[in-house]
Every structure is written in structure tokens, then in C-alpha cells.
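A quick write-up on the structure given underneath.
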Amino acid sequence: MMGRTIFIDPGRCIGCQACVSACRECDSHRGKSMIHLDYTDEGQSVASLPTVCMHCEDPVAPCAEVCPADAILITADGVVQQADTTRCIGCANCVNACPFGVPKIDLQAKLQMKCNLCYDRTAYGLAPMCATVCPTGALFYGTIEELRAERPGVQVADTFVFGETEVRTGVAMVVPAEKVQWPVPGGLPVVEINGKDVRR
Amino acid sequence: MTADTPAADRRTVIPLDPSLAPPGTRGFRDAGGIPADQWHADQNGETLVPTHCCFCGVQCGMYLRVDRGGKVFGVEPRNHDINRMRLCPKGINAYQQVNHPDRLTAPLMRRSRDEDFQEVSWDEALDFTVSEIKRIQLAHGNDAFGLLGGASLFSEKTYLVGKFARVALKSRHVDYNGRLCMVSAAGANKLAFGIDRAGNPFSDILLTDCLLIAGSNLGECFPVMTQYVWGARDRGASLIVVDPRETAIARTADIHVALKPGTDSAFFNSVLHVVVEEGLTDTAYLAAHTTGWDEVRAKAAEYPPARAAEICGIPAEQIVQVARTFARAPKAMAWHARGIEHHSQGVENCLSVINLCAATGHIGKPGAGYGTITGQGNGQGGREHGQKSDLLPGGRSIMNEEHRRQICEIWGIEEAELPPAGTSMMEMVWQMQRREIRGLIGICNNPFVSLPNYQVVKEGYDATEFHAQFDFFLSETAANAHVVFPVTTWAEDEGVMANAEARVVKHNKAQDPPPGVRTDTWVMCELARRLGAGDKFAFADSREVFDELRIASAGTVNDYYGITYERLEETGGIVWPCPSTDHPGTPRLFEDGKTYHPDGKIHMQAVEWHVPMDPYDDEHPMSLTTGRTVAHFLSGNQTRRLGALVEQTPRPWAEIHPSHGFRNGEPVRVVTRRGSEVFPALVTEAIRPDTVFIPYHWPVPTAANALTIDALDPRSKIPEYKVCACRIEHAAAIDEVPAPPVAPGHVAYPETQVSRTDPLPPTAPQGRGTSERS
Ligand code: SF4
Ligand code: SF4
């Protein structure tokens, strides 16, 4: 599977938004956060879930595929970079193409911005800002082996289905150990709804 | 007494296993460890200054990023033992207050409250203050002038507050805002163990088999501690959470006891009842290490689960389940916070938790023990060295002849000159209302937001003839003052704080203060000099104060003698007692089964539950309870000015159950016997139907503390913030959140104004879901 990457464990998230604040501090898009924090079951539960860029591998980054200006580059180690500011024309094709709803457009600057896995930090052996600070480990940066050493028996998924399309991602999500782990629908680690298998 | 006599040497001290890092943190690299030329930001001449967060009692390590011009401009996570690079949103944004446009940079002064503030010179402000102190004391006696300190100050400064009040002001009236924080736990620990601190370090949580969290919204108030909780969970530990609300930490608990506010000691007595009934007590431990067990057991017998279930509004089976889970666990721990401490029976609540730990033998072992989590950064250290009305440095009692003599010797004053004990913070406000205290200096506190029953507080402060405040922003309280002294932030001075584990950590200076700003130490010493006590306050800086503090604590239970700045820098923190400079500190207490009482026993105390002070009736049938949100700190004077935190949680709300028929965001009026205010409703099933929750970081007219009651615990004098009677009504419009006050000449900071006018609560503040999407 993947090398060092982010693992998202919604079960641990306390919704504190430290990741959101930390993302603003990252030098590659200082002042703007690229993280979405969603509340999955509002009114019933306090559960929350962070979304960072999933760094799609197969098919390779839909955002990059649809970019008419070739502004979104992918590094050899699979990191989908944010749009190159000298090329981006602010057309928002990437926003529409991303199945996880990740890229953002700065309307005034007409520029796309997205999580680039803190390339400025990971290149020097530092973890991405969000995963570094996350007080609960809901965002974990490392290898699957490192994750399993910390959390014995943890199950992760890196393949998600959107209708007919299957997307394999570079960032993985922790799924409940007792559930079949993949592919999971809609980017959420759900395999059954009301007793019905929703994987097909 | 010589400082080198190690009083605590009879204890075997086992240093912590350094491999006990919280989970998920071992592979992390720390930017501080990367050579400057290999990290791109450093090419700009940036330096990283290692220090700690200024906010809560976790005291996370962080680096402040300092630019070539010597200004703080950012934060970088730091691989410190406490937090292993983790930070919460407050910690991440804290650096923004250092060079914030709202900073006070010149003393403000006015001769009466009808005038506007004028910027004046330091000499003018100091002279006016000293002349007012002298005038009031000459006319009404020394005790007519009071001093209120704060537990966000470095320990050196809290030591100076206590000394300044007694030696320079010669007044008995000194207290501090830690009185509003964890003094109930402090009182209970002192009664039971003879020492006032948590028994175990955070890392012991990783070793426990059962973790009981009582009255703590840990995920929001001490977010970085949750990594230890998850670590324990990964090992299979069970989690019990006692809280009226389903907080983020309660959501994942094995047992969430959603009891009615103000019923904690009935619950814990009943748990103990079941423990006894089912033969789950540790009889050998009780016999060898405790006193008072017979009375405790007899009292617990009066609380069978059926009775407690009715009082607490929970199923009786849950009590049995908690008793079995906690008592049968090979190692169990209890951590508590304001939820059980902010009560008129706060000391009793804490004692009832201690009784449970003692009866089951879960004390003084790796993974077994108790702890209390401090709200303010220096909530622990802030009371250890004489800032509290009844304490002298080293936790000595001001009523004890021997202790008084020791301190007078160190301070070089006559025993007759040392005033007796004063009153607590809330009582001082009542005295201000009655004009018994006519002048006041406040240092690092904001009672206009943080004390209960706002009307009384306002009346008290308005009645003072002279009021001065030390602060770096113009707080709601400072806006009432005659003189405001602009002082340093935590990043502009060095000093120590003790976190919730009683681990003393050192904060380092990252930048010079802006021109016009002085350290609190300098201001106190300068005032003392002008009051004629200059020879007792000849301190150049924090380091000199710390050296006197070390000596003043030597030989006491709170022994800091062996802690030096150099050792703190080397080790990253030392847990007191630390009696000599080669002593490793004492992270875990009672490992030899001995407490700090002369007989070495745990003094268990029988606890009787009583109804909260504000009774329910037909007009006020519900409980109002208050608490924090993760984005804000205490009175919000600091965090309500930081754009990201304001955006995260722009305003308070009233959290209510769907059964009341309100729609999300609809105006709801919350009425208590003190007054009423209107908040947007946050409708959620995560709260009991008979309870309303309001976060307390905002001023009137959106202040939870305009509604809470100023009833006090008779022993600890902590106010009963966590329960009062209320009702809710439909209302026409929502009260607007006022912007934080700023000094004349400053404009409101635009970034923090954006969301303030938004009438809706955040869709789901900090993960507390609403029942409808807005
Ligand atoms: S920092 Fe971690 S726990 Fe906090 S909201 Fe983000 S993912 Fe959740
Ligand atoms: S507020 Fe507390 S938990 Fe948050 S960073 Fe500061 S010390 Fe850590």
C-alpha cells in the first residue's frame, strides 16, 4: 500500500478545529485553511470528520485531469500539488471534478488553492501541520505499519466508490474493524445502511 | 530550616518511563531539530524560541517563530514530553496576540469614571496610583485596599502578588482568580492527602485499565489530553464519563452518566455503596493506608442506587455498572475538572471521588490514581506561593505561627507586620459593595466576565474609589478602572508555570516588549519602591524572584528548592516536590503508600449530598450549567480578539433539548433569579431535557455569568457556576455580542468584527451537532 501518508480516523475527532487553524499556518497557503470539518449526524451526535485532500491515485487526480491549464501537477511520490499560480486561470473546473469537494477558489485572486500535503514540510521530514497538531490523532501521518503499531488491528480503506466510478486515494481512512473495508461509498466509511449492503 | 534539608527524601522516586509517549507521536520530527539551513523558513533568518502555550493547564510545548527583526510572527509545534507536538486551536493562534493592534502600549489614566482615558507617562500613572493607595489607607486603614491576582501569571509574579499585598500594601486582602478555578480540588486534596496537586502524571493515563472522567469536557477544555485517553483506549481501557452533556469525549465512552447538574456527590456515594455491597473494596489497602473509612462507609450506605438514581436522574443500573467497571479494573484512574468543582459542595464532590479511589485501592500506582485538570495555565502553580488569601509561599498557612515566622524571616519583616488571612475573591467583591474595600488593583484577571452574578460585581467595582488594572488588552474590567498599566504578554518575559501534573515548565522570552510596555514584575517593584518598601522588592527580573521563591518554598510540601531555570531548560520540566538540585522530581505521589499527613494516611471524609443553593420551583424548573468552548479561553479577553478563534466560535448560544419545541437558531430567553438574556438556541439531543448550557466567555448582554449565582462553597469559597435554577422562554430578538473594548486611539480590529454580528450560532460548534441544518 501507500508510503507515508495521512490516515483519517473520524472516530477520534473531537471537532476542535486545531487542524483548521494549523492548516492556516502552513507556509504553502498561509492565512487560508484547506481543511473541511464536517458534522456527520447533526442534532443527534457530536461526531465530526475532517477532510483533507485525498491525493487520488487511480484514476489519477480528477482535478488535475480536468485542468485546462495544466496547473495542477503531481509529484513522483503521488502528492497532488495545489495549482501553479503562474498557470491557474481560476476556472474552477477542479472544484467541480473533485469527488471529495476539496479544492477551493479564491474568487478575488482567481486562483485555486488546495491541500498539497504540506509539501514544504514533508520534504524535510516534518509531518503536515494538521496531522502534527491534531490533539487526538484523528489525523495521523506515517506509514500503515506505524499506524498499526500504535493501534493494533486498525482497518483502513483507500478505495471509494462514487456511483459507477471507483477512486483509489493516497490518503486513507480508518474504517470500523468489524466492517468489510472496501470499496466504501461516497468517500465515507459506510458499508451498510439500515442493514443493506450499499457497496454495489 | 536550611534549604538543603530534603524533606521528601523518605519517598522513593521513580522517574517516568521516557518511552511512554502518547500514541502516534513517535515518528515525528521537530522543526527545532532540523539544521537552520535545511528548513526553508530559516533561510529568512527566522529563529524558533522554545516555550509553552500561555493558555490551559496542559501547558503544551511550542516554538514561537521570530523574524529577523526580533518579532514573533508564527508558531511551530514542538516535540515536548507533555504534548509531543500536538496543539489545540487556542495554542496555534496564541502568537497572534503578541503583536496585536489592540495591545495597550501606554498607561491609561482618568481621575474619575466620568472622564475618558488619557494616555499618560509611567511616572504620572504610578504616582497617581501610589497617592490613591496612601489616601485610602490613611483614611480607612490598610485593609481598605485590596489586590486581586491571576493564575495565568508566571509563578514568580504570583509570588510577588502575595508579597506585594502583605509587605508593600500591608493589607490582608489579596486573592486571585484561581479561586474560580480548581480550589475545590485543592481543598479536597489537602484534606485527604496533605498535598495539593494531582497524584499522577498524564502519561499514567496510558497505563490505566479504566479511566473515569468526571465533570470535564476534556475534548474542548484540555484537547491535547485526549491523545492520552485514546492511547488508553487503544490498549483496551474502558472509559466512564460523568457529565450532563454528551461531549466529544462522552460520545465514545463505554458508560456516559448524564446526571443532573449538582448531584455528583450523591452519584459517587452511591457508586461507593455498590462497591461495598458487592465486596469490591480493597480491604487491605483501606486498613493499612486510610482513616475515616467507617464514617465514609456508613454515609455511602445511605445512598442505595435507587435513591441516587432518583436524585441524579439516571438509571440505577448505570451506577452498578460504573461501580463494577471501576472497582474491578486492575488499574483505574479518576480525573475531574470544573464540572464537579464549581459547586457549593465542590470540596465534597472531589472528596467523594477520592473516597472511591481510596476504597478500591486505586492510588499511587502506575496507571492508578487521581488528578484534577487546571483551567488556567498556572492554575496549579498560581496558588502555591502565597497569592491565595490564606496561603504564604510554599503552601504555608497564614494562620500557622511557625509558618508566619519562617516567611517573615525570609522577607525581613516583623511578625506583627504580617497581616492575617483575608477573604476570597467573591467575598472581596461583596466587601467592595459594602465599601469595606475602597481601592483595588487587579492583575491579570477580568471579573466582569468571569465572576458570577454580574450585577453584584459591577456594583462592587463601581463603588471603589480607586481601581487599577494590569493587562495587555483593555479587558471589560480594565475599562472600569482609573489606571491601566500596559504589561507584557507571556512571550516577552521568562518565568515558570506548573501544569495540571504539577510539572514546572519554563517559558522563554521570544521578543522584546513593545515600547511603553513593562513587565508586571517591574510595575509591582516600582509601586513597592514608591510605597517605601523598595528594599524588599529589589528584583531586576523573574530569575531573581524565582531564586527567592525557591528558598521560600524549601522544606515545605510544595518544595521548589531543587528546581532551577537551568535544570528546567535541560529537562523540559520538573514535577515538585523537588527538594535538592540533584532530585529528579516527583511525578507520581504516594508510591510508598504514604501521604503528606503526619500519620502518612489518606484521611477519608464522609460526604453528604445537599441540593444546590439556587432551589428549583415552578418558575425556575430547569438547571442552567456553564462551561467552555474549545476556541476561547476564560473571560475571552485574549481569544475574542483573534480572528480565527472568533470565526470558529463567534458568539455564545443556549444549548437545549429538542423536547422544548425550539428551532435551531431561534431566540431563546434564559431567565434566572439574577436576570435574563437572549441567545440563539442550539437544539441538540446531546443535552439532558432538564438542563440548559451556555458557554461563559462573553460579556453582558451575552454573559452566562449575568445569570449564574454567587453562592460559594463554604470551605473553598468557589462559586457555584455549574448549577442554578432557570427557565427558558421564546424571545423576539437575539442579544448582540459586544466587541471587546479597545484603548482610545485604537480602531476595532476588522478581522474580529466580521462574524460578531451574525445572529446564528455556529452550525455545529466544536462538534456539537444541531438538529437542523441552517
Ligand atoms: S484537529 Fe483532529 S480532533 Fe481536532 S477537528 Fe481536526 S481532526 Fe478533529
Ligand atoms: S490551550 Fe491547552 S491544550 Fe491548547 S495548546 Fe494551549 S496548553 Fe495545549
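The values are calculated or read from the model by the stated rules, or taken from the named source; none is laboratory data. Since the structure is predicted, the reported quantities are computational estimates derived from the model, not experimental observations. So basically every Cβ, Gly included, is an ideal-geometry build from the backbone, and we count neighbours across all protein chains shown.
Can you pull out every residue in segment A:135-146 that is within 7 Å of chain B (Cβ to nearest Cβ) and within 16 Å of ligand 2 (Cβ to nearest atom)? Residues satisfying the conditions are A:Pro135, A:Thr136, A:Gly137. Annotation: of all residues in segment A:109-129 being under 22 Å from B:Arg78 (Cβ atoms) and part of a loop (DSSP other than H, G, I, E, B), the one that is farthest from the other protein chains (Cβ to nearest Cβ) is A:Leu117. Those helices (runs of 4 or more DSSP H) of segment B:292-340 in which at least 2 residues are among the acidic types (Asp, Glu) and within 15 Å of B:Ala358 (Cα to Cα), considering only elements entirely within it, cover B:293-300. Considering segment B:50-78, the residues that are within 11 Å of chain A (Cβ to nearest Cβ) and not basic (Lys, Arg) include one that is farthest from ligand 1 (Cβ to nearest atom), namely B:Phe73.
Selection of segment B:107-136 for residues being free of Cβ contacts under 8 Å to residues at least 40 places away in the same chain and surrounded by 19 or more Cβ atoms within 10 Å (Cβ to Cβ) yields an empty set.
For segment A:34-91, which positions are among the polar types (S, T, N, Q) and either within 16 Å of ligand 1 (Cβ to nearest atom) or crowded, with 18+ Cβ neighbours inside 10 Å (or both)? Within segment A:34-91, A:Thr40, A:Ser45, A:Ser48, A:Thr51, A:Gln81, A:Gln82 meet the criteria.
Per the conditions (1) closer than 24 Å to B:His403 by Cβ; (2) under 26 Å from the mean Cα position of the chain (by Cα); (3) modelled with pLDDT under 95, the sole criterion not satisfied by B:Ile602 is (3).
Residues in segment B:459-471 that are under 23 Å from B:Ala711 (Cβ atoms) and surrounded by fewer than 20 Cβ atoms within 10 Å (Cβ to Cβ): B:Glu459, B:Asp462, B:Ala463.
Of the residues B:Arg640, B:Arg651, which single one is of a type in the set (Lys, Arg), closer than 18 Å to B:Phe448 by Cβ and within 16 Å of ligand 2 (Cβ to nearest atom)?
Values: B:Arg651 fails: within 16 Å of ligand 2 (Cβ to nearest atom).
After ruling out the rest, the residue left standing is B:Arg640.
Can you tell me which residue among B:Ala188, B:Ala198, B:Ala165 is away from ligand 2 (no atom under 16 Å from the Cβ) and over 30 Å from B:His467 (Cβ atoms)?
Details: B:Ala198 fails: away from ligand 2 (no atom under 16 Å from the Cβ); B:Ala165 fails: over 30 Å from B:His467 (Cβ atoms).
Unique residue meeting the criteria: B:Ala188.
A count restricted to segment A:40-54 and to residues that are more than 11 Å from chain B (Cβ to nearest Cβ) and either of a type in the set (S, T, N, Q) or farther than 15 Å from A:Cys130 by Cα (or both) stands at 1. Taking the criterion of being in contact with a strand residue (DSSP E or B) (Cβ under 7 Å, 6 or more places away or on another chain), touching a residue at least 40 places away in the same chain (Cβ under 8 Å) and more than 16 Å from ligand 2 (Cβ to nearest atom), the residues of segment B:202-236 that qualify are B:Asp204, B:Thr208, B:Asp209, B:Cys210, B:Leu211, B:Leu212, B:Ala214, B:Gly215.
Please indicate, with yes or no, whether at least one residue in segment A:18-29 is surrounded by fewer than 16 Cβ atoms within 10 Å (Cβ to Cβ) and either more than 16 Å from ligand 1 (Cβ to nearest atom) or at negative phi (or both). The answer is yes, given that some residue of segment A:18-29 is surrounded by fewer than 16 Cβ atoms within 10 Å (Cβ to Cβ) and either more than 16 Å from ligand 1 (Cβ to nearest atom) or at negative phi (or both). Total residues in segment A:150-178 satisfying the condition of being away from ligand 1 (no atom under 16 Å from the Cβ) and closer than 25 Å to B:Val58 by Cβ: the figure is 0. For segment B:246-258, the count of residues that are among the charged types (D, E, K, R) and farther than 30 Å from B:Cys726 by Cβ is nonzero.
Please give the strands (runs of 3 or more DSSP E) falling wholly within segment A:1-104 in which 2 or more residues are in contact (Cβ under 8 Å) with a residue 40 or more places away in the chain. Write out each step before concluding.
Values: elements: A:5-8, A:36-39, A:48-51, A:56-58.
Fully inside segment A:1-104 and qualifying: A:5-8, A:48-51, A:56-58.
Of the numbered criteria (1) within 12 Å of chain A (Cβ to nearest Cβ); (2) part of a loop (DSSP other than H, G, I, E, B), the one B:Tyr616 fails is (1). Among the residues of segment B:239-250, those that are touching a residue at least 60 places away in the same chain (Cβ under 8 Å), within 10 Å of another protein chain (Cβ to nearest Cβ) and touching a Gly at 6+ places or on another chain (Cβ under 7 Å) comprise B:Thr247, B:Ala248. Residues that are more than 12 Å from B:Pro223 (Cα to Cα) and within 10 Å of another protein chain (Cβ to nearest Cβ) were ranked within segment B:79-95; the one that is farthest from ligand 2 (Cβ to nearest atom) is B:Asn79. Of the residues that sit in segment A:1-17 and are surrounded by fewer than 20 Cβ atoms within 10 Å (Cβ to Cβ) and at the interface with chain B (Cβ under 10 Å from one of its Cβ atoms), which one is nearest to A:Gly125 (Cα to Cα)? That would be A:Arg4. Looking only at segment A:147-168, count every residue that is part of a loop (DSSP other than H, G, I, E, B), touching a helix residue (DSSP H, G or I) at 6+ places or on another chain (Cβ under 9 Å) and more than 11 Å from chain B (Cβ to nearest Cβ) and tell me the total. The qualifying residues number 0.
Evaluation of B:Gly236 against the conditions (1) within 21 Å of the chain's Cα centre (by Cα); (2) more than 9 Å from chain A (Cβ to nearest Cβ) shows that the sole unmet condition is (1). The single condition from (1) modelled with pLDDT under 75; (2) among the acidic types (Asp, Glu); (3) within 16 Å of ligand 1 (Cβ to nearest atom) that A:Glu192 fails is (3).
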